[in-house]
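All remarks here apply to the structure that follows.
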Amino acid sequence: MDPRFTTTTTTTTTTDDPESPPGIRKPLPARLFAVHGTNAETRWEALRGEGDLTPARLFFVRNHTSTPLIDAATWRLTLWGSGLRGGPVSFTYRDLLAIPAEEVTAFVECAGNGRSLYREQQGEEVSGTPWRLGAVGVARWRGVPLAALLGRAGMTARAVALMPRGLDPDYVEGGENLGRVRRPLPVAKALDDVLVAYEMNGRPLPPDHGFPARLVVPGWAGIAWIKWLGDVEVSAEPLESPWSSRLYRMHGPGHPPGGGPPLTRTGVKSAFELPWPARLRAGHGHLLHGRSWSGNGRVVRVDVSDDEGVSWRPAHLHGDRSPRGWVRWTFRWTPLGAGEAALLARAVDETGAVQPERATCNRLGYAFDAVVRHPVVVT
Ligand SMILES: Nc1nc2c(c(=O)[nH]1)N[C@H]1C(S)=C(S)[C@@H](COP(=O)(O)O)O[C@H]1N2
Ligand SMILES: [Mo]
C-alpha cells in the first residue's frame, strides 16, 4: 500500500548568480559558499564572528536534486504501514504546530564532509561531492518528537523499521532511477531523540532546508535528516533503500564485501575559521578561531599544532557547548618566519574519542575524521 500524496511544487531556474545551481533557492555568494553541482558548502572563514548557531543564510545545502517549493496549506505528513494498528494517519502543518514542541541545538553534517581531503591529504582517490570541511552547520531546531506522531498514529510493538521519505524529485544516478530520497530509521533512534522540525533558529524552515518539515536526527549523518518530509512508512518488517543498502556504507579494501554497516553516528572533527589557504603576517600574534564537534556528544578538549603534530598546545574553549552542537575555540599563534606552514587542530569528545592521524579510506569517501592540515602562507 502506497498512498498517493499531492503536493504543490514548482520549478524555477532563475537566479541572479550564474554560479548558483538552479535547484537551490537562497543566494549563494561566492564569498560565503563553494558550489559543487547541486550542493553548496559554507566557507569556514564566513563563520568568523558568528555565534554558536550557523545563520540560515550561511548554512550548507546538500540536495540530491532540487529544492521543491511546498505549500504548507495543502501539505500532509502521512504515517502508514504494517507497523500501525490501523490505516494511514495524516497530519497537517497546523496539526504539527498544535502538538507540544521540543527544541534541540544540533549540528547536521554530511557523511561526505571532508571527502576532498582523502586525495588532498592522504593521496587516496574516492568518488562523490568534493566537500572540504563546510558541509556542516549548527541550528536550533524546533518541532514535534517523532515519537509523539508515532504514538498518535497507533504504532504497535510489532514495528521494527521506519522509512521517512522526502517530497523532492526522484534521484537518478548513472541512468538508474533510485526514487525519492528515503532511508530506513531504526525505531529505537526514532523514539529516542528524533524531531520532526518545522523551525530553524527561531524561524520557519527555509525552503532549502526542508520547509515545511524535516527530520532532526542528533549525532547522525545528514542523510538521516530527511527534508521536505512527506511520509513515513512504519513497518513490521525490516526495510531498505539504496541509501542504506549501497550508499552511506564504507566500501573497498579493508571493508566487508557489500560494504560495512549503514553509517549512523558521525566522528570527531575540527576546523579553523580561516580561508584555504590562510594568509597571515609573520611576527604578529594572531587570535585563531575554530570549532570542533562530534556525533558522540560534547567535545571536551582541543589541541593545536603548528609543527606537523610533533607538539600540541591546548586551545581555549568558548560558547554554550550544547552536547549536540559544536564548541568554539581560540588559539593565539605567532608565526615566526615567512613561508608555507600548516595548522592542525585535534579534538577529543566526552567518550574519549579523538581525531586520528589518518581517516579510514573507503571508495565513496565518507567519514573523513582525521586531523586536517590547514595550509597557511606566512608573509
Ligand atoms: N528529501 C531530501 N532530504 C535530504 C537530502 C535530499 O537530497 N533530499 N539530503 C540529505 C543529506 S545527504 C544531507 S547532508 C542533509 C543536508 O541538510 P541541509 O541541506 O539542510 O544542510 O539533508 C539530507 N536530507
Ligand atoms: Mo549528506
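The values are calculated or read from the model by the stated rules, or taken from the named source; none is laboratory data. Small disclaimer: the values here were computed from a predicted structure and weren't measured. Positions of Cβ are generated from backbone atoms using ideal geometry, with glycine treated the same way; all protein chains shown enter the neighbour counts. To get the accessible areas, we keep the full protein, side chains included, count just its heavy atoms, and leave off ligands, DNA and RNA. Shrake-Rupley method; radii C 1.70, N 1.55, O 1.52, S 1.80 Å.
A few remarks follow.
- Residue selected from region 102-118 under the condition aliphatic (A, V, I, L, M) and more than 15 Å from Leu205 (Cα to Cα), by the criterion farthest from ligand 2 (Cβ to nearest atom): Leu117
- For Pro356, the criteria (1) over 12 Å from Ser294 (Cα atoms); (2) touching a residue at least 24 places away in the same chain (Cβ under 8 Å) hold in every case but one, which is (2).
- Under the condition of being open to solvent by 50 Å² or more (accessible area, probe 1.4 Å) and either within 16 Å of ligand 2 (Cβ to nearest atom) or modelled with pLDDT under 95 (or both), the residues counted in region 129-174 number 4.
- Hits in region 211-251 (condition: among the charged types (D, E, K, R), outside any loop (DSSP other than H, G, I, E, B) and open to solvent by 30 Å² or more (accessible area, probe 1.4 Å)): Glu233
Condition check ((1) away from ligand 2 (no atom under 16 Å from the Cβ); (2) in contact (Cβ under 8 Å) with a residue 60 or more places away in the chain) across all residues:
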position	(1), (2)
Ala188	yes, no
Ala197	yes, no
Arg214	no, no
Ser235	yes, yes
Leu239	yes, yes
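- Taking region 160-169 as the range and being in a loop (DSSP other than H, G, I, E, B) and more than 11 Å from ligand 1 (Cβ to nearest atom) as the test, only Val160 passes.
- Pro375 being assigned to a strand (DSSP E or B) and open to solvent by 20 Å² or more (accessible area, probe 1.4 Å): yes
- Only a single criterion out of (1) within 13 Å of ligand 1 (Cβ to nearest atom); (2) farther than 29 Å from Pro100 by Cβ is not satisfied by Val268, namely (1).
- The residues on offer are Gly254, Gly267, and the sole one that is surrounded by 21 or more Cβ atoms within 10 Å (Cβ to Cβ), out of contact with any strand residue (DSSP E or B) (no Cβ under 6 Å at 6 or more places or on another chain) and in contact (Cβ under 8 Å) with a residue 60 or more places away in the chain is Gly267.
- Applying the condition of being away from ligand 1 (no atom under 13 Å from the Cβ), charged (D, E, K, R) and closer than 27 Å to Pro184 by Cβ to region 60-97 and asking which residue is surrounded by the most Cβ atoms within 10 Å (Cβ to Cβ) yields Arg76.
- Residues satisfying the criterion are absent from region 344-351 (criterion: open to solvent by less than 30 Å² (accessible area, probe 1.4 Å), assigned to a loop (DSSP other than H, G, I, E, B) and not aliphatic (A, V, I, L, M)).
- Cβ separations smaller than 6 Å between residues 6+ apart or across chains give the following pairs from region 26-41 residues that are in contact (Cβ under 8 Å) with a residue 60 or more places away in the chain and of a type in the set (Gly, Ala, Ser) to residues that are open to solvent by less than 40 Å² (accessible area, probe 1.4 Å) and part of a strand (DSSP E or B): Ala34/Glu41.
- Any hit, region 44-59, residues being in contact with a Pro (Cβ under 6 Å, 6 or more places away or on another chain) and either surrounded by fewer than 15 Cβ atoms within 10 Å (Cβ to Cβ) or in a loop (DSSP other than H, G, I, E, B) (or both): no
- Top-ranked residue of region 98-121 - restricted to ones that are open to solvent by 20 Å² or more (accessible area, probe 1.4 Å) and away from ligand 1 (no atom under 16 Å from the Cβ), ranked as farthest from Trp276 (Cα to Cα): Ala98
- Qualifying positions in region 118-158 - in a helix (DSSP H, G or I), without any contact (Cβ under 8 Å) to a residue 24 or more places away in the chain and over 19 Å from Asp369 (Cβ atoms): Gly151
- In region 281-305, the residues that are crowded, with 20+ Cβ neighbours inside 10 Å and in a strand (DSSP E or B): Leu288, His289, Gly290, Arg291, Ser292, Trp293, Ser294, Val299, Val302, Asp303, Val304
- Count - residues of region 312-330 that are among the hydroxyl-bearing types (Ser, Thr, Tyr) and either in contact with a helix residue (DSSP H, G or I) (Cβ under 7 Å, 6 or more places away or on another chain) or closer than 19 Å to Leu287 by Cα (or both): 1
- Flag if Glu199 is assigned to a loop (DSSP other than H, G, I, E, B), closer than 26 Å to Val89 by Cα and acidic (Asp, Glu): no
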